[in-house]
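Since the structure comes first, as structure tokens, the remarks are kept for the end.
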Amino acid sequence: MPPVPVTITFRLVPGIRMSSGRAVGFLEGHPDLNAAPAYKSFSQKVSDSMNVRIQRWTDGHDGPKGWFHGFPNRKEFKECFVFKYKEHRLYGFLCNPKKEAPAFRLCVLTTHDTKFEWETDDSNLKEVELWRKHLVSLAAIKYVFPEPKKGLLHG
Amino acid sequence: MGKSKHWTNRGDDAFAHAIASDFAAQIETILEEEGIERKVLAEKMRVTPGRVSQVLNNPASMNLRTVVKYSRAVNKKVAIVTYDDGDKNNENGPIDAGVFSGAWEQAGCPTSLFGLAGASLIGSYGFVVSQGSYTEHSLKGIPASEETQRLQDFPPQIEQTLEQPMIVFNPKSQEKVIYAQA
């Protein structure tokens with residue numbers, strides 16, 4: 001991944017209802033961050049089907065695995081996540097951006113790919129991991145989910 | 001930054017796509033959890049595996065009979081629920097079916113409204129309804145059935161402060177309402 005001279009931003013997926021436990025958004029602003037541009041270019045049917053999957057996970061479901069799943073058995077990729085519809089894959093990583101609600105899970109989508117094989121291509125997950133660990137990603141997420149001010153934690 | 005409307009706000013087709021997909025997800029989850037292959041499901045339904053994939057990938061094409069057929073093929077039943085979540089313009093999208101089935105399971109899987117421990121509504125008379133807080137069994141007062149006999153009109157005109165919760169059965173809406181002190 002080249003140096004990052006551009007502005008990296010994070011935004012929640014538009015049109016998806018965030019729940020008290022989960023949310024999904026895109027990291028954008030670098031040519032390698034192709035999840036958001038791909039999502040925008042989806043046909044209506046693909047877009048709707050992805051939305052259904054994203055909303056389902058956001059609402060608290062952990063399956064079906066054919067729709068989305070993490071990689072808990074892959075130690076190096078255990079924070080990675082993928083949404084699937086037909087050949088389309090939206091890869092991202094999970095994090096806990098709310099200090100006041102540690103159980104809240106955010107899925108940060110970074111990478112789109114198309115695949116026709118059963119096995120996940122590790123290069124996608126490695127790419128996701130690079131972004132997960134990058135300071136600009138953390139800063140972009142923190143901009144949308146700022147740390148609560150002292151004294152406001154419990155309203 | 002304004003709040004964006006839910007993607008199903010686009011129209012009825014989008015809403016139908018969402019709830020049909022919700023149903024397809026339930027079927028796919030059952031298949032995964034019970035280790036049933038799509039071809040086995042297809043055999044049971046006397047259709048081709050390709051047809052099963054086609055329907056589950058494009059669930060908006062299902063009609064009601066197909067929904068029932070798929071449910072029965074995985075030994076489940078299906079209900080159609082209308083509800084009012086206060087979102088009359090559908091700015092927030094449909095409620096996940098799992099919320100309804102989860103609530104039903106939490107209530108002990110009742111087979112009729114009589115099996116519900118608590119019930120809905122109120123907002124008038126200065127009383128509130130405690131959802132699930134009281135059961136007929138735990139009430140020391142008059143059984144709900146006797147109240148039903150006694151009450152000619154619904155809702156009842158409650159003017160005094162209730163000493164204890166009172167269950168009233170609305171024969172018209174088949175709804176059981178608990179009146180309790182606010």
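Computed from the coordinates by the stated procedures, all read-outs in this text should not be read as laboratory data. All figures in this text were calculated on a predicted structure; none of them were measured in a lab. Here Cβ is always computed from backbone atoms with ideal geometry, including for glycine, and neighbour counts include all displayed protein chains.
Size estimate for chain A follows the Kirkwood approach: the inverse of mean 1/r over distinct Cα pairs works out to 15.9 Å. Going through the cross-link list A:Lys40/B:Lys3; A:Lys86/B:Lys88; A:Lys75/A:Lys115; A:Lys133/B:Lys5, which pairs have a Cα-Cα distance over 25 Å in this structure? Pairs exceeding the cut-off: A:Lys86/B:Lys88; A:Lys133/B:Lys5.
Taking label points 7 Å from Cα along the Cα-to-Cβ direction, B:Ile80 and B:Glu34 give a separation of 2.4 nm. Computed packing ranks the peptides A:124-135, B:81-92, A:19-30 as A:19-30, A:124-135, B:81-92, most packed first, by mean other Cβ atoms within 10 Å. Can you give the FRET efficiency to the nearest 0.05 for B:Val99 and A:Lys40, using r as the Cβ-Cβ distance and R₀ = 30 Å? E between B:Val99 and A:Lys40, to the nearest 0.05, is 0.50. Look at the stretch B:19-27: the mean tally of other chain Cβ atoms within 10 Å of its residues' Cβ atoms is 3.
The residues neighbouring A:Thr58, those whose beta-carbon lies less than 11 Å from its own, together hold a net charge of +3 under the Lys/Arg +1, Asp/Glu -1 convention.
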